[in-house]
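First comes the structure, then the notes that go with it.
Just so you know, all these numbers are worked out from the coordinates, no wet-lab data involved. Small disclaimer: the values here were computed from a predicted structure and weren't measured. We place every Cβ from the backbone using ideal geometry, glycine too, and count neighbours over all the protein chains shown.
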Amino acid sequence: MKDPLVLEIDGRYLYYAFLSGGARILKYQAEINRINVFPVSDKDTGTNLASTVRSVIDNIKPSRSYKHTVSQIAEAALMGARGNSGVIFAQFLHGLSRETNDKQLITIPEFIESVKKSIPYIYEAIANPVEGTMLTVIRDWSDFLSNKKNSFTDLKKLVIDSIDVLETSLKETTGKLKILNQYHFVDAGAKGFVLFIEGVIDFIKNRNIRNLMIQSADQITLVHTDEMVDEEIVHRYCTEAILKNLNISKVELQETLTNSGDSVVVAGSEQVCRIHVHTNFPADLFYKLKDVGTVTFQKVDDMVRQHEAVNNRKWKIALISDSTCDLSQDLLDYYQIHLLPINLHFGENHFLDKVTMKPEQFYDMLETRPEFPTTSQVNEQAFVNLYSHLASHYEAVIAVHLTSQFSGTYANSVKAAKRIQHEFGKPVYVVDSKNLSGALGLLVLKAAQAIESGQEASGIVKQLEQWVQEAKIFVSVRDLKYMIKGGRVTKNKGMVAKLLGLNPIVSIDKDGKSLLFGQTFSQQASIRKVLRHIAKISRGKRIWNYVILHAHNQEEADRVSAQMEVITGKKPVSVVNISPVIGMHAGIGSTAISLLYDN
């Protein structure tokens, strides 16, 4: 019996066609990664496209309405888009949604017209469109459909016949870009789109909905490709965000992003848009963006650190912490330490501690913004993504985090570590530092030096558990108003303390809980008290190293550093502006001393 013609498409048909196309991208993401050399050879185009389609598969349900389904697909893709190609693909889907009338069913000519009208959306989204990429292949596909608009009455035959045009267009990308020609590769993003249409054709031919539902229910891990071309990285951070309710045009936003870096894509609308840019200064960029709309989501990948993991690993053990680890950037870079940022929120605006919000910017906002900032832990998926990447390249992974008494970050890291250990068969150790800031930094630094000396991961972790007991931090608070605003001190107690002119000294106990070490009538007196205490408890002990920290108070930090040098006979390993997620409670002007004893 001859298959019936497909004259119209409803939402369920579109849903299962997308499911089939997405499944093919998920299946071949490693192959797409392998050929990814443009615009940056970071070998993650397949992973990014897989993440984008996974967001759709995980977040929408079949509906009979075509308009409702295409709108849901576009929204989910925009929210979950990753990387340059992922955002471009999401923008194509956004164009389809915008150019589709509010109908339960659409005809073949209406579908073709919506595809054609989507092409300007993807070109307008990119600051510097480059031919020989996904853009070209989607446009060539659209041109074929438009040219056949009046000669096809069956959608099945139309789409099946379009594969020849797609494969030809894909093959031609090699000759259109010098970098692709150099490696004899086709464009990775374009390859992803062709694979997607191949998956759609598979559904059109077989209509095996049962298998599609089973595939969509499977949890497919995003893969990371081992091979990476060793080349200079011009812009360090691959930066993405979702902005809502823009008060400038998308063109103006695009100009702002272009002034900060390259690989700029702006997808979506003024109401909700997703941006992608490679930049060296994400914090400066987002300090500007906070005034042009509401920043509801951010993701920043350190391409230098990713590149090192693949091509320039110094040692066989990877070392991870979170952004409350206060060390100088020079030390973090030398020891190739990976930091996952704690989330910072000013009202509805979202930032990443130390990445898209530097301490100096944070303290300015702390003084000028009406709302007091809040924080949220690093989620499990962020750890899964990082650990799976590192487990592909290192023999073992060690993570050391801020005290579990202050955040769920440690618990999420543990859950992710167990999952990755099971999948990769490599050890991923997670240690609760029972401390934070400079004390955490010192523990991480000592672990880094143990890795550098060639020690085994299991032995380092056993030592870390002992070193944790030897780490100390003392924070001299200059102004109690921040601890009152943050709820660390009740208003009544805070008012009494302020009336008496008291300056608290905060520390951490052996279990990782905050501890009121003492209180004085001035910050200078607080520092003297801390220094006397350090001198006392250091008798018969050797201070391995120490860190001086301050909240926008470099002058006081320099004085404390000089005084500690007298006591210890050595300079601090770092003098740094304290992490914003710690400084928000200690407040502007606070000064801290962290030290680690030899055990």
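Compared with the dominant Cα axis of the chain, that is its longest principal axis, helix 437-452 is turned about 70°. The mean sequence separation of alpha-carbon pairs under 8 Å and at least six residues apart, normalised by the residue count of the chain, gives a relative contact order of 11 percent.
Relative to the longest principal axis of the Cα atoms of the chain, the long axis of helix 409-424 lies at roughly 50 degrees. Each peptide in 264-274, 449-459, 572-582, 80-90 receives the mean, over its residues, of other Cβ atoms within 10 Å, and ordering these scores from highest gives 80-90, 572-582, 264-274, 449-459. Per-residue ellipticity at 222 nm, computed for the chain from helices alone with -39500 (n - 2.57) per DSSP H run of at least four residues, works out to -16000 deg cm²/dmol. Over 30 Å apart at the Cα level, from the set Lys314/Lys513; Lys191/Lys354; Lys314/Lys571; Lys446/Lys536; Lys27/Lys171, are Lys314/Lys513; Lys191/Lys354. Note on Ile160 and Glu452: with the Förster distance fixed at 45 Å, the Cβ-Cβ geometry gives a FRET efficiency of about 0.20. Cross-link reach is defined here as a Cα-Cα straight distance under 12 Å, omitting same-chain residues fewer than 8 places apart; for Lys116 the aspartates and glutamates meeting it are Glu99, Asp140, Asp143. Counted over the chain, the DSSP beta bridges are approximately 75% antiparallel. Reducing segment 165-184 and segment 1-79 to their Cα centroids gives an inter-centroid distance of 23 Å. Of the trypsin sites (Lys or Arg not before Pro) in segment 533-569, the ones in a loop by DSSP (not H, G, I, E or B) with at most 10 other beta carbons within 10 Å are Arg539, Arg542. For Lys61, the aspartates and glutamates whose Cα comes closer than 17 Å to its Cα, not counting residues fewer than 8 places off in the same chain, are Asp10, Glu75, Asp218. Taken over segment 8-217, the percentage of Cα pairs per 5 Å bin, counting from 0 up to the bin with the maximum distance, is 1, 8, 16, 21, 23, 17, 9, 4, 1, 0. Summary of packing: across the peptides 543-555, 161-173, 333-345, the per-residue average of other C-beta atoms within 10 Å ranks them, highest first, as 543-555, 333-345, 161-173. Please give the residues of segment 43-72, grouped as numeric ranges, whose backbone N is less than 20 Å from a label point set 7 Å along the Cα-to-Cβ vector of Arg12. Inside the label zone: 57-72.
Axis angle, to the nearest 10 degrees, between helix 554-568 and the longest C-alpha principal axis of the chain: 60 degrees.
The calculated P(r) of the chain, using every Cα pair and 20 Å bins from 0, goes 19, 46, 26, 8, 0 in percent. Full extension of the chain between Glu565 and Arg64 gives 173.1 nm of extra length, using 0.36 nm per residue less the Cα-Cα distance. Judged by the mean number of other Cβ atoms found within 10 Å, the most tightly packed of the peptides 364-371, 41-48, 427-434 leads the ranking 41-48, 427-434, 364-371.
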